[in-house]
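I have placed the structure first, in the form of structure tokens, so that the comments after it can refer back to it.
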Amino acid sequence: MKDIMMIYYSEAKSARLTRKKVAWITSGGPVEPLIAMDVIPIYPENHGAMIGASKMGVGLCETAENMGYSSDLCSYARADIACATVNGGPIGGLPKPDMLVCCNNICGTVLKWYEIQARISTCLFLCWIRPFAIPVIRMRSPVMSAVRSTNTSLLLKEPVDGNLTMTA
């Protein structure tokens, strides 16, 4: 596994030399479009786990706290934010992203975490909003129509008047 990760991060860190783009993406985010466009996906959450496993988390979290981030914030986020400012961590920081792709389907922290990283890296920030559960609609009256769009969102075409029941 160590060799596989070494090759993966080496390819990502040399992306500029090979004219490839790098995207930081949240776990569970839509990685398939990136792969199709030959963009190298990097997962900061995985990097956070590497930081913890290499026992560098405490120092990096303290750096983030000294920057003003609360100790209540997820340690992966704190360590990653600190890493981005000092090129720290077990692999000397992640490769600079060309874009950040965030998806809200794992936790609420990632939205703000990636906003912060977008400010630090000054790159494109894309946020993919997905519901945690797509509700089943049972109509009691024909007041509105609902259209499902690619299993990621529910579009309500007319106002809801209270005669709608939604269950997960």
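The values are calculated or read from the model by the stated rules, or taken from the named source; none is laboratory data. Just so you know, these numbers come straight off a predicted model, no measurement behind them. Here the Cβ positions follow ideal geometry from the backbone for every residue, glycine too, while neighbour counts run over all protein chains shown.
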Quiz item: Counting only residues that are within 15 Å of the chain's Cα centre (by Cα) and among the aliphatic types (A, V, I, L, M), how many does the stretch 85-101 have?
Solution: 4
Quiz item: So which pairs qualify, if the first residue must be in the stretch 111-130 and free of Cβ contacts under 8 Å to residues at least 40 places away in the same chain, the second must be of a type in the set (S, T, N, Q) and assigned to a helix (DSSP H, G or I), the Cβ gap must be under 9 Å, and the two must be at least 6 apart or on different chains?
Solution: 120/85; 123/117; 125/117
Quiz item: Of all residues in the stretch 18-67 being polar (S, T, N, Q) and in contact with a helix residue (DSSP H, G or I) (Cβ under 9 Å, 6 or more places away or on another chain), which is surrounded by the most Cβ atoms within 10 Å (Cβ to Cβ)?
Solution: 26
Quiz item: Looking at 78, 130, which is the one that is at pLDDT 90 or above and either of a type in the set (Gly, Ala, Ser) or touching a Cys at 6+ places or on another chain (Cβ under 8 Å) (or both)?
Solution: 78
Quiz item: How about the stretch 86-99: which of its residues are more than 10 Å from residue 60 (Cβ to Cβ) and free of Cβ contacts under 8 Å to residues at least 60 places away in the same chain?
Solution: 87, 90, 92, 93
Quiz item: Would you call residue 102 surrounded by 22 or more Cβ atoms within 10 Å (Cβ to Cβ) and either charged (D, E, K, R) or outside any helix (DSSP H, G or I) (or both)?
Solution: yes
Self-check item: Lone unmet requirement of (1) modelled with pLDDT of 80 or more; (2) touching an Asp or Glu at 6+ places or on another chain (Cβ under 7 Å); (3) farther than 30 Å from residue 11 by Cβ for residue 145
Solution: (1)
Quiz item: What single numbered condition from (1) closer than 17 Å to residue 126 by Cα; (2) assigned to a loop (DSSP other than H, G, I, E, B) fails to hold for residue 70?
Solution: (1)
Exercise. Could you list all residues from the stretch 85-99 that are modelled with pLDDT of 90 or more, under 15 Å from residue 43 (Cβ atoms) and either touching an Asp or Glu at 6+ places or on another chain (Cβ under 9 Å) or not in a strand (DSSP E or B) (or both)?
Key: 94, 95, 97
Quiz item: Which residues, taken from the stretch 16-31, are under 21 Å from residue 48 (Cβ atoms) and assigned to a loop (DSSP other than H, G, I, E, B)?
Solution: 26, 27, 28, 29, 30, 31
